[in-house]
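The values are calculated or read from the model by the stated rules, or taken from the named source; none is laboratory data. No experiment lies behind these values; they were computed from the predicted model shown. All Cβ positions, glycine included, derive from the backbone under ideal geometry; neighbour counts span all protein chains shown. Each accessible area value is taken on the protein alone, full model and side chains, heavy atoms only, with ligands, DNA and RNA left out. Shrake-Rupley method; radii C 1.70, N 1.55, O 1.52, S 1.80 Å.
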Amino acid sequence: MKNKLSRNLRVLICSILLISAVCGGIFIINNKHTALTTLLNNNNTEDLIVSLYDTDGKSNITKVNLASKEETKLVSDREVWLSGNLSEDKNSLIYMDAIGDEPWQVFSLNLKNNKTYKVTTDNIGKFGGKSGNGSTLYFQTLDKSSGIAKIAKINTEDKSSEIFDNEDKDRDVQVYDSRNDKIIAVMFSNAEDNKRHTEASKTKQAKTNLKPMDYTICEINADGSNIKRIASVSAKSITSISYNYDGKKAIIYGENINNENDYGIYELSIETGEMKSLLTNTMIHDKKDCIISEIRDNESAILSKDEKLLYFTGRPKGSEKLKFLDTTSYPQEIYSYNLTTQEIKEVYKYNRPTIITNLTISY
C-alpha cells in the first residue's frame, strides 16, 4: 500500500512538473512573442525629429512619436541652431552642432548608451548631416578650392571620407536627402546664382527682386557615382527636399517653383520627373478658418509612410514677429495636411515660441 501510494505520488508530482513546464514554456514563448511584437511595433512607428530654437536662445532636438504623442528630448540647451535625423535602425541620432569656437561638426548620439561621438574634426564647417546605411554618414561641406557646397561621405569605423562631384567647380548643392542607398540632391550653377544676386543687389529690394533660376534635381548612388538628372526646376529658392518611405518620390519646398508666384510644397516623381503641387500659400489663404497664416522662408516638409499626411512647418494664425536672442522671426509650429480631406491640424507645439530649424521623419 505504501509503495502504491508512493508510485501514485510520484505520478502526481511528475504530472504537476510536466504541466508546470508546459505552462512555463508557453509563458516564456508568450513573453518572447510580446517582447518581439513590442520591438517590431516600436521600430515601425513614425517619429518626427524636431530641431528648434527658442526665444531664450536655446536649441534642442526632440523626438515626437506620432502615434503616442510622446516627446523625448535628445539634445538640449545648445546655443547654436541644430539639425538632426535618426539612423534607419533608430539607434542613433546624427546631428550638427558647434561647440565653443569650432565650426559646425557632425555628431552621433548613441540612443542605447546615451554616449555622444564627434564624427568630424577638421576646421571646415559642415551642415546637413544625415545617416546612411551601416557605418556610413553624409554631410555637406565646402570645397577647399571653389568654396561651393558638396556632399561628402564618411565611414565612422575607419574614418575614411570622400567628397562627391569634386571635379565640377560650378555645380553647387543646395539641399539633399538620403534613403535606401540613394541620395536626392538639389543642385545649381554657382556662377548663375552669383549673377542673379549681383543683379538684385543693384535694386532697392534685393530679396524681392531676386530672379528665379534653374535648379537640377539629381539622384546619386550611395557611393557618389551615377549622378542622374531627374528634373529641371525653375525656382526663386528651394529650401528642403526629402524622400518618401520607399524612395520613389521626393517632397520639395520652395518659392516661385515653375513660374508659380507662390510659396509651396510639391511632390516629385523620381521615375518620371513630373511634379505636382500639394500645398501652397494660395490654397491656405483660400481656406476658411485656417489655423495657420502661411508658409514662408526656410520651411520643411515630409510625407507620412502611408502617404496620406504631409507634415510641414508653418506660422500660426495671428502670430507676430518675436525677438529671439540674435534675430527676429515669426514663430513656427508643425502641422499635418491630409491629402484626401485637405484638413490642416496642429501636430507639435513647443512650450514656448520657436523657430523650427530642421524637421525630419523616421519611419
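What angle, in degrees between 0 and 90 and rounded to the nearest 10, separates the Cα long axis of helix 2-44 from the longest principal axis of the Cα atoms of the chain?
Roughly 0 degrees, rounded to the nearest 10.
Between helix 190-201 and the chain, what is the angle of the helix's C-alpha long axis to the longest principal axis, kept within 0 to 90° and rounded to the nearest 10?
Helix 190-201 and the main axis of the chain meet at about 60 degrees.
Between Asn258, Asn113, Asn155, where does the largest GNM mean-square fluctuation fall for the chain, given springs only between Cα atoms within less than 10 Å?
Most flexible of the set in this elastic network: Asn113.
So what is the relative contact order of segment 277-324, in percent, for Cα pairs below 8 Å that sit 6 or more residues apart?
With pairs under 8 Å counted, the relative contact order is 32 percent.
Only Cα pairs under 8 Å and at least 6 apart count here; give the relative contact order of the chain as a rounded whole percent.
13
What ranking do 236-246, 277-287 get when scored by the average of other Cβ atoms within 10 Å per residue, highest first?
236-246, 277-287
By a straight-distance test (C-alpha under 19 Å), which aspartates and glutamates pair with Lys73 as possible cross-link partners, with residues fewer than eight away in the same chain excluded?
Glu46, Asp47, Asp54, Asp56, Glu88, Asp89, Asp97, Glu333
Nothing charged except the Cβ atoms of Lys and Arg (+1) and of Asp and Glu (-1): what's the magnitude of the dipole of the chain about its Cα centre? Round to the nearest 20 debye.
Approximately 1640 debye in magnitude.
Counting Lys +1, Arg +1, Asp -1, Glu -1, what net charge surrounds Tyr263 among other residues with beta carbon under 12 Å of its beta carbon?
-3
Treating the beta-carbon of each Lys and Arg as +1 and of each Asp and Glu as -1, no other charges, what is the dipole magnitude of segment 219-357 about its Cα centre, to the nearest 20 debye?
300
Work from the charge dipole of segment 116-213 (Cβ charges, +1 for Lys and Arg, -1 for Asp and Glu, about the Cα centre) and give the residue of Tyr138, Gly128, Thr198 farthest towards its positive end.
Of the options given, the answer is Thr198.
So for Arg352, Arg229, what's the accessible-area order with a 1.4 Å probe, most first?
Highest to lowest solvent-accessible surface, that is Arg229, Arg352.
Using only the alpha carbons of segment 225-359, what is the convex hull's orientation-averaged projected area in square nanometres?
Orientation-averaged projected area of the Cα hull: 9.7 nm².
Take the alpha carbon atoms of segment 96-149, find their center, do the same for segment 258-329, and report the distance between the two centers in whole angstrom.
28
Take the chain, compute every pairwise Cα distance, and split them into 10 Å bins from 0; I just need the percent in each bin.
Spelled out per bin, shortest first, that is 5, 21, 30, 23, 8, 4, 3, 3, 2, 1, 0, 0.
If amide hydrogens are placed 1.01 Å from N in the peptide plane, which non-local residues have theirs closer than 5 Å to the one on Thr354?
Close amide H contacts, sequence-distant or interchain: Gln332.
Which FRET efficiency, nearest 0.05, do Glu157 and Phe127 yield, Cβ-Cβ r, R0 22 Å?
So, using R0 = 22 Å, E works out to roughly 0.40.
Among Gly84, Asn114, Ile61, pick out the residue whose Cα is farthest towards the positive end of the charge dipole of segment 60-118, where Lys and Arg carry +1 and Asp and Glu carry -1 on C-beta, about the Cα centre.
Going by the charge dipole, the pick is Asn114.
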